[in-house]
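Asks: Shown below is the structure under consideration.
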Amino acid sequence: MRAAAAFALEPLCDFPFLTEAHRAAWLASLLTPLARYTFDGPAPLFALDANNKGAGKTLLADVIAEIVTGRAMPRTPQALNETEEAKRITAVALAAPRAVLIDNIAHPVGSSVFDALLTATVWSDRVLGKSETIELPMFTVWYASGNNLTFKGDTGRRTLHVRLETDLEHPWERTNFKHDPLLTWVREQRAALVAALLTILR
């Protein structure tokens, strides 16, 4: 079990997590889409947060998606109002990806619509241009990335926080990574990483 956990965390060796709790939260964000169909009830929002741009937030999301699905994580921009947000959630529910990332967030996260999403496993919305309502299962795991994220309403209580904190002024210029490029290493090790994660879940 410890060997499996150590290997599952190997992709994180060069990321500047603020605390070990934030590293553990990332591991939970990786295990959740693998185990999503094994538990009842909703999954939390996973917030990939940092104190500076270029710290690796989006890369953390893509590592998750590469391991779980073998491809990059689908992205959607932050909605500007609740009507737009409801439409985007419905579109995601129709497509039913394993995970989706709200990327480059610039405004506080949260709304009554988003809070409803994070407390449900069935999403209901009116069909665009029609009077009928559809009900869709919601098993997609949601991620959000941005710098110094803040939350509105009850969204913070429904969020697991993954925080990166770097002392570098230009972290995107950093070199000498252990696994470089990281996503290539993840693809090469994907089978072993999935085996380690399934061992943890078992």
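Asks: Just to verify a result, which residue in the range 173-195, among those that are at pLDDT 95 or above and either not aliphatic (A, V, I, L, M) or not in a helix (DSSP H, G or I) (or both), is nearest to Leu31 (Cα to Cα)?
Replies: Among those residues, the one meeting the criterion is Arg190.
Asks: May I pose another question? Give the residue, chosen from Ala99, Ala65, that is out of contact with any Leu (no Cβ under 6 Å at 6 or more places or on another chain), farther than 23 Å from Arg157 by Cα and modelled with pLDDT of 90 or more.
Replies: Details: Ala99 fails: farther than 23 Å from Arg157 by Cα.
Being out of contact with any Leu (no Cβ under 6 Å at 6 or more places or on another chain), farther than 23 Å from Arg157 by Cα and modelled with pLDDT of 90 or more holds for just one of Ala99, Ala65, which is Ala65.
Asks: Scan Leu136, Leu80 and give me the residue that is over 16 Å from the mean Cα position of the chain (by Cα) and assigned to a loop (DSSP other than H, G, I, E, B).
Replies: None of the other options fit; the residue is Leu80.
Asks: Residues in the range 172-202 that are surrounded by 15 or more Cβ atoms within 10 Å (Cβ to Cβ), β-branched (Val, Ile, Thr) and within 18 Å of Ala61 (Cβ to Cβ): how many?
Replies: 2
Asks: Among the residues of the range 1-20 satisfying the criterion of being under 20 Å from Thr175 (Cα atoms) and of a type outside the set (A, V, I, L, M), which is least open to solvent (accessible area, probe 1.4 Å)?
Replies: Pro11
Asks: Next up: Residue pairs, Cβ under 8 Å, 6 or more apart or interchain, first in the range 151-171 and at positive phi and open to solvent by 30 Å² or more (accessible area, probe 1.4 Å), second modelled with pLDDT of 90 or more and acidic (Asp, Glu). List them.
Replies: These pairs meet every condition: Gly153/Asp115.
Asks: On the given criteria, is Phe46 surrounded by 20 or more Cβ atoms within 10 Å (Cβ to Cβ), touching a helix residue (DSSP H, G or I) at 6+ places or on another chain (Cβ under 8 Å) and part of a loop (DSSP other than H, G, I, E, B)?
Replies: Numbers: surrounded by 20 or more Cβ atoms within 10 Å (Cβ to Cβ): yes; touching a helix residue (DSSP H, G or I) at 6+ places or on another chain (Cβ under 8 Å): yes; part of a loop (DSSP other than H, G, I, E, B): no.
Criteria not met by Phe46.
Asks: So, in the range 1-25, exactly how many residues are among the aliphatic types (A, V, I, L, M), closer than 21 Å to Asp180 by Cα and touching a Leu at 6+ places or on another chain (Cβ under 7 Å)? Walk me through it before giving the result.
Replies: As a first pass, look at the range 1-25 and keep what is among the aliphatic types (A, V, I, L, M): 1, 3-6, 8-9, 12, 18, 21, 24-25.
When the remaining residues are screened for being closer than 21 Å to Asp180 by Cα, the result is 6, 8-9, 12.
Keeping just the survivors that are touching a Leu at 6+ places or on another chain (Cβ under 7 Å) gives 8-9.
Count: 2.
Asks: Need pairs with beta-carbon distance below 7 Å; first residue touching a residue at least 60 places away in the same chain (Cβ under 8 Å) and within the range 1-23, second open to solvent by 40 Å² or more (accessible area, probe 1.4 Å) and basic (Lys, Arg); sequence gap 6+ or separate chains.
Replies: Correct list of pairs: Cys13/Lys178; Asp14/Lys178; Phe17/Arg23.
Asks: May I pose another question? Looking at this structure, is Ser124 open to solvent by less than 80 Å² (accessible area, probe 1.4 Å), of a type in the set (S, T, N, Q) and more than 22 Å from the chain's Cα centre (by Cα)? Can you show your working first?
Replies: Values: open to solvent by less than 80 Å² (accessible area, probe 1.4 Å): yes; of a type in the set (S, T, N, Q): yes; more than 22 Å from the chain's Cα centre (by Cα): yes.
Answer is yes for this residue.
Asks: Given the structure, is Ala55 crowded, with 23+ Cβ neighbours inside 10 Å, of a type outside the set (D, E, K, R) and touching a strand residue (DSSP E or B) at 6+ places or on another chain (Cβ under 8 Å)? Give the derivation first.
Replies: Working: crowded, with 23+ Cβ neighbours inside 10 Å: yes; of a type outside the set (D, E, K, R): yes; touching a strand residue (DSSP E or B) at 6+ places or on another chain (Cβ under 8 Å): yes.
Against the criterion (crowded, with 23+ Cβ neighbours inside 10 Å, of a type outside the set (D, E, K, R) and touching a strand residue (DSSP E or B) at 6+ places or on another chain (Cβ under 8 Å)), Ala55 qualifies.
Asks: Of everything in the range 108-138, what is under 16 Å from Thr159 (Cβ atoms), out of contact with any helix residue (DSSP H, G or I) (no Cβ under 8 Å at 6 or more places or on another chain) and hydrophobic (A, V, I, L, M, F, W, C)? Give them in sequence order.
Replies: If we filter the range 108-138 for residues that are under 16 Å from Thr159 (Cβ atoms), which is where we start, we get 108-120.
If we keep only those that are out of contact with any helix residue (DSSP H, G or I) (no Cβ under 8 Å at 6 or more places or on another chain) as well, we get 108, 116, 120.
Those that are under 16 Å from Thr159 (Cβ atoms), out of contact with any helix residue (DSSP H, G or I) (no Cβ under 8 Å at 6 or more places or on another chain) and hydrophobic (A, V, I, L, M, F, W, C): Ala116, Ala120.
Asks: Let me ask another. Given the criteria touching a residue at least 24 places away in the same chain (Cβ under 8 Å), closer than 24 Å to Gly41 by Cβ and not aliphatic (A, V, I, L, M), does Asp103 qualify? Steps first, please.
Replies: Values: touching a residue at least 24 places away in the same chain (Cβ under 8 Å): yes; closer than 24 Å to Gly41 by Cβ: no; not aliphatic (A, V, I, L, M): yes.
Considered against the rule, which asks whether it is touching a residue at least 24 places away in the same chain (Cβ under 8 Å), closer than 24 Å to Gly41 by Cβ and not aliphatic (A, V, I, L, M), Asp103 comes out as no.
The values are calculated or read from the model by the stated rules, or taken from the named source; none is laboratory data. This one's a predicted model, so the numbers in the text were calculated from it and none came from an experiment. In this analysis, Cβ positions are derived from the backbone assuming ideal geometry, glycine residues included, and neighbour counts consider all displayed protein chains. Keep in mind that these areas ignore ligands, DNA and RNA; they rest on the heavy atoms of the full protein, side chains included. Shrake-Rupley method; radii C 1.70, N 1.55, O 1.52, S 1.80 Å.
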